[in-house]
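A short write-up of the structure that comes next.
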Amino acid sequence: MNSSYAIPAVALVVVATVLVGAFGLRISRTTSDFYVASRTVGPRLNAAAISGEYLSAASFLGIAGLVLVQGPDMLWYPVGYTAGYLVLLIFVAAPLRRSGAYTLPDFAEARLASQAVRRLAGAFVVGVGWLYLLPQLQGAGLTLTVLTRAPDWLGGVIVAVVVTATVAAGGMRSITFVQAFQYWLKLTALLVPALFLVLTWQHDGAPRHAFDEPATFREQRVVRVDDAIDLRLDRPLTVMVTGTVDGRTHTATRLELTAGTHHIERGTRLTFTRGAPVPEAWRSGGGDLSPSQAESREERPLYATYGLILATFLGTMGLPHVVVRFYTSPHGVAARRTTVAVLGLIGAFYLLPPVYGALGRLYAPELTLSGDPDAAVLLLPDRMIGGVGGDLLGALVAGGAFAAFLSTASGLTMAVAGVLTQDVLPSRGVRHFRLGTVLAMAVPLAASVLVGGLPVADAVGLAFAVSASSFCPLLVLGIWWRRLTPPGAAAGMLVGGGSALLAVAATMGGYPGEGAALHALLAWPALWSVPLGFLTMILVSLATPGRVPPGTASVLARFHLPEEVRSEVTA
Amino acid sequence: MPQDHTERRVVVTGPPRQTVPHARLRSRGRYPQASGSYRPRTEIDEQTTLGHTYVRSLMRTQLRAALTVITVLGLLVGPLPLLFAALPDARRLEWAVLGFGLYVPLVLLAHWYVRRAERNERDFVRLVEDR
């Protein structure tokens, strides 16, 4: 891909982010500005900021890539990301704002008056935040590599430096502007190329087999296999091979592959003829970190789909960067209206990734073999349109992708830094917040450079599962159930969130082999870990009735009473 | 204003209702100061049993609205994976529903909930302030 336009585009986004941030800095005067933008952000600006923050690398690149590889089942991701806001709206939004707390640990302390629960919630916030930051940095690395052949780690480092600088300098006020700006940038960066791509598609006679299974090659295409893979064929397939297949080396040989499994070594070039079906590929040799890559379309059980639905529907409310944003609303009613606007904005955005996924199946089906399906969105303009126009559109997409990494990473850094400053570092001033920012970013950056290789959308899915099993019970029961006790909340978070975390870790470590029923259970923990979290929280709370905090009634009144009724309770 | 209309027609038997000016505006929370102190407000402020009952009733109506929405959401979304599994050939249906069809119902549900929740709160404010 021609990078002569893409690099300026990425640079422009980075510079614009810093400038908008600096503009925020000029009007960011007080400490309250710094943390919660003085709680005066109106629904429209706030909704754009929340959406800008929420639409991450997983949304911008990951969904199209997943749809390309695994078909329409993967569209449950964007549906879940959106529906998560509906669940958040109906159970959490207004009471959370009225609680007057700033972070999830603040909420836990306000509701349960317990330092222990506060610390535990803080630990989970930092864990989920880091888990979610990791794929953002990796996505940035991938984008820059695809665009410029720069080394993998460079994109992550750029994002980390810019984000740390903006957050540390301007705090919440400037981040609000940055993120609102980036929502519209991201929408434009996907919408404009999508329009041109659809026009091209129509010009091609609107081929419709994008929705057929399996995808087929439209024209003769050479595929370079970057990681060793296993191909599974239902029917014999003829390909030209340069490289190693099933242990034998070929040079430009026409090879008839029989039905069954064939091992392709890395670096092999396969030439597929026009109309050939795209074979299914399994990564082999240490690559199968992710739940969804390890399962094929056919083997993905219904269970996994429901697990995904539950995790995304319930996990959104516990994401630390989402929650912090609600405290910037002036009051509970505004918090609700903001959420509705957010639903509209992200719903509109999510109409676009499926378009890229479907077109990717038509025009770039080989990405499933070459190992970087996440790059589909970036490559399509060049592939379909080409020329200067293709390059310019590609540059626009690249800029949008960087906006995605920057905005989500800023929000997460803000949230994690908030917790680190309040609960870990010795004092709470703005200077320590800046130190917290550096810490919040350093750990995932180190991890992304050291670990690498987790598919973007999958890693985000894991963060959702952990959040759904720990924070969702805490928030829902904390807001609606009087008899919640500190031991119950702690036990529920530990059992629900802890077991989800362990299950995910076991899957990543490759503990149960492929295909086992146990594997699906561990790879998609939400379906059992969320009920487990709720159940533990309820049962332990019922078993410790004496520990219900004495102020519960007035705390709940504060959560639920409209602002004009409640007396001036000190928040 | 329909207010005049009702004042002319309705025979007031109890203590006269206090009409709150700009009630709508205030219930949007733009001016969160309360006007005057009436009995239920005091009950709530002083956290008597009666005050708790008021808060509980508000929580219950709000929870009912939330549960209605989550039930509709469950009925809407829950059967879809089963449906798609049962019709493996209906790929285009799956693309259309998941890719484009679900977002509008989600926004409509959210909109309905917000209107309902705000009405519940207005009713509550009226109950508490007008007695």
- Message: So, A:LEU380, is that one buried (at least 24 other Cβ atoms within 10 Å of the Cβ), at pLDDT 80 or above and within 24 Å of A:TYR102 (Cα to Cα) or not?
- Response: no
- Scanning segment A:299-331 for residues that are of a type in the set (Gly, Ala, Ser) and modelled with pLDDT under 85, which turns out nearest to A:VAL466 (Cα to Cα)? A:ALA304
- Query: Going by the structure shown, is A:VAL163 out of contact with any Asp or Glu (no Cβ under 8 Å at 6 or more places or on another chain), in a helix (DSSP H, G or I) and over 14 Å from A:SER448 (Cβ atoms)?
  - Reply: no
- State yes or no: is A:THR166 on the phi < 0 side of the Ramachandran plot, among the hydroxyl-bearing types (Ser, Thr, Tyr) and at pLDDT below 85? yes
- Residue check for A:THR408: polar (S, T, N, Q), assigned by TED's automatic domain parsing to the domain that holds A:VAL117 and within 28 Å of A:VAL225 (Cα to Cα): no
- Message: Can you pull out every residue in segment A:1-53 that is among the aliphatic types (A, V, I, L, M) and modelled with pLDDT under 75?
- Response: A:MET1, A:ALA22, A:LEU25, A:ILE27, A:VAL36, A:ALA37, A:VAL41
- Query: Tell me, which helices (runs of 4 or more DSSP H) lie completely within segment B:46-131 with 3 or more residues that are in contact (Cβ under 8 Å) with a residue 24 or more places away in the chain and either at the interface with chain A (Cβ under 9 Å from one of its Cβ atoms) or under 24 Å from A:PRO353 (Cβ atoms) (or both)?
  - Reply: B:49-77, B:103-130
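The values are calculated or read from the model by the stated rules, or taken from the named source; none is laboratory data. As the structure is a computational prediction, the values presented were derived from the model and not from experiment. Please note: Cβ atoms are built from the backbone with ideal geometry, for glycine as well, and neighbour counts cover all protein chains shown.
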